[in-house]
Amino acid sequence: MARRLLRRGEARGEIVIPAVPGMLDEYVQMCSKVFATVGSPFTPEQLAHLRTALESQLTQAYQATQRSDIIISWHTPVGTALNYHIQPRAKTIAETYDDWIATREPPLFGTQPDARVWDLASEATDPKQFSILDIGAGTGRNALALARRGHPVDVVEVNEKFVDMIRQEASRERLRMGLIQRDVFATSTEDLDDDYDLILLSEVVPEFRTADQLRTLFQLASDCLAPGGRLVFNTFMAAHNYTPDESVIQLGEQMYSRIFTYAEMAAAVADFPLEQVSDDSVYDYESTHLPEGGWPPTGWYPEWVTGQDVFALPRELCPIDMRWLVYRKQA
């Protein structure tokens with residue numbers, strides 16, 4: 001009677017889920033369970049066909065952008081037949097942050113500058129003689145605070161709305177800042193100086209996709225830092241005894257958490273005149289050094305920087321961790 005009841009019903013639905021090709025088995029299993037629940041269990045042959053279709057669309061979506069989904073829509077007319085359709089949906093990083101601006105309550109990334117960045121800049125005896133390049137400045141929480149302290153600050157940011165936010169605030173406070181809207185890694189560095197004392201990238205490298213992009217970053221730092229100048233950025237690093245597989249890398253990208261190994265980082269910086277001078281846990285450093293009321297910067301920040309957006313595990317068991325890495329340009 002239950003089977004007959006389902007045959008007389010009609011159902012339709014849609015599943016929107018991040019595109020992670022390495023987790024294909026999970027997608028097939030999910031669809032199989034959902035379809036069986038509404039009275040349309042698949043045969044092995046039907047599941048094989050579903051798997052092939054999913055694999056193709058997952059690969060297409062993931063290759064287009066790390067901020068991609070697949071949409072699985074399905075409909076069961078009267079009876080046991082089920083019709084389904086799979087399509088990819090890609091979104092650029094810029095479009096993603098446009099959505100953040102439109103739908104999320106500010107502050108998007110917190111109100112305080114990063115403690116690690118602030119402490120490095122604070123080592124300067126005269127801020128006016130300590131120039132800074134902020135790459136991927138976002139809403140400007142680092143750049144604006146540093147400019148208020150007196151540092152000459154240049155900002156490179158790809159998102160037009162973020163640039164407008166920074167420009168308006170800098171103009172209102174009459175701050176000395178250079179603003180450049182572009183992808184700093186897509187063109188030459190001719191519009192940048194070659195003697196910055198500090199180059200910073202906060203929450204930017206987790207958007208990288210390849211180790212080649214790391215080398216591009218180290219090349220830029222080599223070209224644009226003054227001798228003795230430092231490069232600081234945060235990124236997700238795999239534990240020394242752990243090598244993430246492709247599914248982990250892919251899911252990490254979807255969670256704003258591109259993961260690199262220490263071997264990849266060492267290979268990327270090789271042959272550049274940069275020496276690593278520190279490696280600190282972002283969670284430990286920021287929670288300890290941010291001023292009172294500054295921790296956490298946002299509600300999602302603690303779990304994100306400890307890898308728990310990728311692994312549903314307690315912090316001490318996560319095999320990845322966001323680290324502050326600092327490099328000094330040799331003379």
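The values are calculated or read from the model by the stated rules, or taken from the named source; none is laboratory data. Please read all numbers here as calculations on a predicted model, not as lab measurements. Every residue, glycine as well, gets a Cβ built from its backbone with ideal geometry; the counts of neighbours run over all protein chains shown.
Specify which of the listed residues (Ala263, Ala226) is in contact (Cβ under 8 Å) with a residue 60 or more places away in the chain, hydrophobic (A, V, I, L, M, F, W, C) and over 28 Å from Thr92 (Cα atoms). Before the answer, list the steps.
On the way: Ala263 fails: in contact (Cβ under 8 Å) with a residue 60 or more places away in the chain.
Criteria check complete, one pass: Ala226.
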**Request:** Starting from residues that are crowded, with 16+ Cβ neighbours inside 10 Å and under 22 Å from the mean Cα position of the chain (by Cα), keep the ones in the stretch 271-289 and report whichever is farthest from Leu108 (Cα to Cα).
**Result:** Asp280
**Request:** Please enumerate the residues belonging to the stretch 279-312 that are touching a residue at least 12 places away in the same chain (Cβ under 8 Å), of a type in the set (A, V, I, L, M, F, W, C) and out of contact with any Cys (no Cβ under 9 Å at 6 or more places or on another chain).
**Result:** Val282, Leu290, Trp304, Val305
**Asked** When the residues of the stretch 295-312 are filtered to those that are within 15 Å of Ser202 (Cα to Cα) and under 14 Å from the mean Cα position of the chain (by Cα), which remaining residue is surrounded by the fewest Cβ atoms within 10 Å (Cβ to Cβ)?
**Response** Tyr301
**Request:** Would you mind telling me which numbered condition in (1) crowded, with 20+ Cβ neighbours inside 10 Å; (2) among the hydrophobic types (A, V, I, L, M, F, W, C); (3) in a loop (DSSP other than H, G, I, E, B) Trp324 fails?
**Result:** (3)
**Asked** Within the set of pairs 6 or more residues apart or between chains, which connect a residue that is within 16 Å of Val232 (Cβ to Cβ) and not assigned by TED's automatic domain parsing to the domain that holds Leu325 inside the stretch 192-208 to a residue that is outside any strand (DSSP E or B) and not hydroxyl-bearing (Ser, Thr, Tyr) with Cβ atoms less than 6 Å apart?
**Response** none
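Among Thr243, Thr235, Thr288, Thr261, which is the only one that is under 22 Å from Ala143 (Cβ atoms) and among the hydroxyl-bearing types (Ser, Thr, Tyr)? Before you say what the answer is, go through the steps one by one.
Numbers: Thr243 fails: under 22 Å from Ala143 (Cβ atoms); Thr288 fails: under 22 Å from Ala143 (Cβ atoms); Thr261 fails: under 22 Å from Ala143 (Cβ atoms).
Of the residues listed, the single one that is under 22 Å from Ala143 (Cβ atoms) and among the hydroxyl-bearing types (Ser, Thr, Tyr) is Thr235.
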**Asked** Taking Thr298 and the conditions (1) over 26 Å from Leu220 (Cα atoms); (2) outside any loop (DSSP other than H, G, I, E, B), which numbered condition does it fall short on, given that it satisfies the others?
**Response** (2)
**Prompt:** Out of the stretch 106-159, which residues are touching a residue at least 40 places away in the same chain (Cβ under 8 Å) and among the acidic types (Asp, Glu)?
**Reply:** Asp114, Asp119, Asp134, Asp154
**Request:** Return the residue satisfying two criteria in turn: it lies in the stretch 215-233 and is in a strand (DSSP E or B) and out of contact with any helix residue (DSSP H, G or I) (no Cβ under 9 Å at 6 or more places or on another chain), and of such residues it is surrounded by the most Cβ atoms within 10 Å (Cβ to Cβ).
**Result:** Leu225
**Asked** Residue check, Ile249 against (1) over 15 Å from Val205 (Cα atoms); (2) crowded, with 19+ Cβ neighbours inside 10 Å, all met but one. Which one?
**Response** (1)
**Prompt:** Phe236 passes all but one of (1) in a loop (DSSP other than H, G, I, E, B); (2) modelled with pLDDT of 95 or more; which number fails?
**Reply:** (1)
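For the stretch 1-113, please list each of the helices (runs of 4 or more DSSP H) lying entirely inside it that holds at least 1 residues being crowded, with 17+ Cβ neighbours inside 10 Å and at pLDDT 90 or above. Before the answer, list the steps.
Numbers: elements: 2-7, 24-37, 44-64, 93-103.
The helices (runs of 4 or more DSSP H) meeting that bar are 24-37, 44-64.
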**Request:** Return yes or no: is Glu253 in a helix (DSSP H, G or I) and not assigned by TED's automatic domain parsing to the domain that holds Val16?
**Result:** yes
